[in-house]
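Student: Quick one: the structure is below, and I'll ask about it shortly.
The values are calculated or read from the model by the stated rules, or taken from the named source; none is laboratory data. A quick note: this is a predicted structure, and the numbers were derived from the prediction, not measured. Every residue, glycine as well, gets a Cβ built from its backbone with ideal geometry; the counts of neighbours run over all protein chains shown. Surface accessibility is based on the protein's heavy atoms, side chains included, excluding ligands, DNA and RNA. Shrake-Rupley method; radii C 1.70, N 1.55, O 1.52, S 1.80 Å.
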Amino acid sequence: MDEDLGPGLDERHLGALRERIRSSPFHQWAGLDLTEVGDGRAELAMDLRPHHFNPQGIVHGGIITAIADSAIGLALRSRLRPGLTHRTAQLNIHFLAKGEGNRLVAHGQAVHLGQRMGYGEGEVLDGEGRLLARATGTFIVLPAPGAF
């Protein structure tokens with residue numbers, strides 16, 4: 001991974017990131033819990049609720065996509081120095097199995113990070129550890145609002 005953006009977030013900034021995710025209305029609505037973040041990796045988990053399922057009774061693809069995007073984005077975010085942020089530019093997801101059960105877990109990993117773009121990969125598993133989807137994402141790196 002490129003080191004030109006600094007060593008990433010220190011524990012104080014990672015704590016602020018965890019709190020921001022914990023208090024985010026979207027993450028609360030979705031039930032996403034950030035269980036691990038740092039050093040270019042992130043893990044999120046969610047207990048599935050009735051609003052996460054489509055009419056066929058399987059986890060909606062948008063929910064799987066959202067947790068994958070969040071895991072990859074937060075993995076990249078953990079490698080950015082303070083004062084920078086990111087936005088998803090492109091997300092590709094490959095659904096490999098239908099989502100059932102009561103829990104999802106997503107792992108994200110930063111693969112490449114440059115001055116303007118980042119690239120990461122992720123996977124989404126069900127509560128039994130079965131692989132449901134693999135994802136890749138390209139992210140724009142930019143100054144955080146109010147940082148400069």
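Student: Name the residues in the stretch 111-128 that are at pLDDT 95 or above and either closer than 14 Å to residue 69 by Cβ or open to solvent by less than 50 Å² (accessible area, probe 1.4 Å) (or both), would you?
Tutor: Once the filter is applied, which keeps residues that are at pLDDT 95 or above and either closer than 14 Å to residue 69 by Cβ or open to solvent by less than 50 Å² (accessible area, probe 1.4 Å) (or both), the stretch 111-128 yields 118, 119, 120, 121, 122, 123, 124, 125, 126.
Student: Continuing with this model, one more query. Being at pLDDT 95 or above, of a type in the set (A, V, I, L, M, F, W, C) and touching a strand residue (DSSP E or B) at 6+ places or on another chain (Cβ under 7 Å) is the filter here; which residues of the stretch 54-74 pass it?
Tutor: If the condition is that a residue be at pLDDT 95 or above, of a type in the set (A, V, I, L, M, F, W, C) and touching a strand residue (DSSP E or B) at 6+ places or on another chain (Cβ under 7 Å), then 59, 64, 67, 68, 71, 72 are the ones that fit.
Student: Now, a different point. Output yes when any residue across the stretch 67-84 is more than 12 Å from the chain's Cα centre (by Cα) and open to solvent by 50 Å² or more (accessible area, probe 1.4 Å), and no when none is.
Tutor: Yes - at least one qualifying residue is present in the stretch 67-84.
Student: In addition: Restricting to the stretch 129-148, name every residue that is touching a strand residue (DSSP E or B) at 6+ places or on another chain (Cβ under 7 Å), open to solvent by 70 Å² or more (accessible area, probe 1.4 Å) and under 21 Å from residue 63 (Cα atoms).
Tutor: Result: 134, single match.
Student: Another question about this same structure. Just name the residue that is farthest from residue 120 (Cα to Cα) out of those in the stretch 31-63 that are buried (at least 22 other Cβ atoms within 10 Å of the Cβ) and out of contact with any Leu (no Cβ under 6 Å at 6 or more places or on another chain).
Tutor: Filtering the stretch 31-63 for residues that are buried (at least 22 other Cβ atoms within 10 Å of the Cβ) and out of contact with any Leu (no Cβ under 6 Å at 6 or more places or on another chain), the one farthest from residue 120 (Cα to Cα) comes out as 59.
Student: Pairs needed: first member in the stretch 102-119, closer than 22 Å to residue 51 by Cα; second member anywhere, β-branched (Val, Ile, Thr) and not in a strand (DSSP E or B); C-beta distance under 6 Å; at least 6 residues apart or different chains.
Tutor: 104/67; 106/67
Student: Write out, first by first residue and then by second, each pair whose Cβ atoms fall under 6 Å of each other, whose residues are 6+ apart or on separate chains, and whose first residue, in the stretch 132-143, is at positive phi while the second is outside any strand (DSSP E or B) and of a type outside the set (Val, Ile, Thr).
Tutor: none
Student: With respect to residue 91, is the statement that it is under 14 Å from residue 120 (Cβ atoms), at pLDDT 95 or above and not β-branched (Val, Ile, Thr) true?
Tutor: yes
Student: Only one residue in 97, 89 is open to solvent by 20 Å² or more (accessible area, probe 1.4 Å), among the small types (Gly, Ala, Ser) and in a strand (DSSP E or B). Which one?
Tutor: The unique qualifying residue is 89.
Student: Also, I was wondering about something else. Suppose we filter the stretch 32-65 for residues that are free of Cβ contacts under 8 Å to residues at least 40 places away in the same chain and in a helix (DSSP H, G or I); how many remain?
Tutor: Residues flagged as free of Cβ contacts under 8 Å to residues at least 40 places away in the same chain and in a helix (DSSP H, G or I) within the stretch 32-65 amount to 5.
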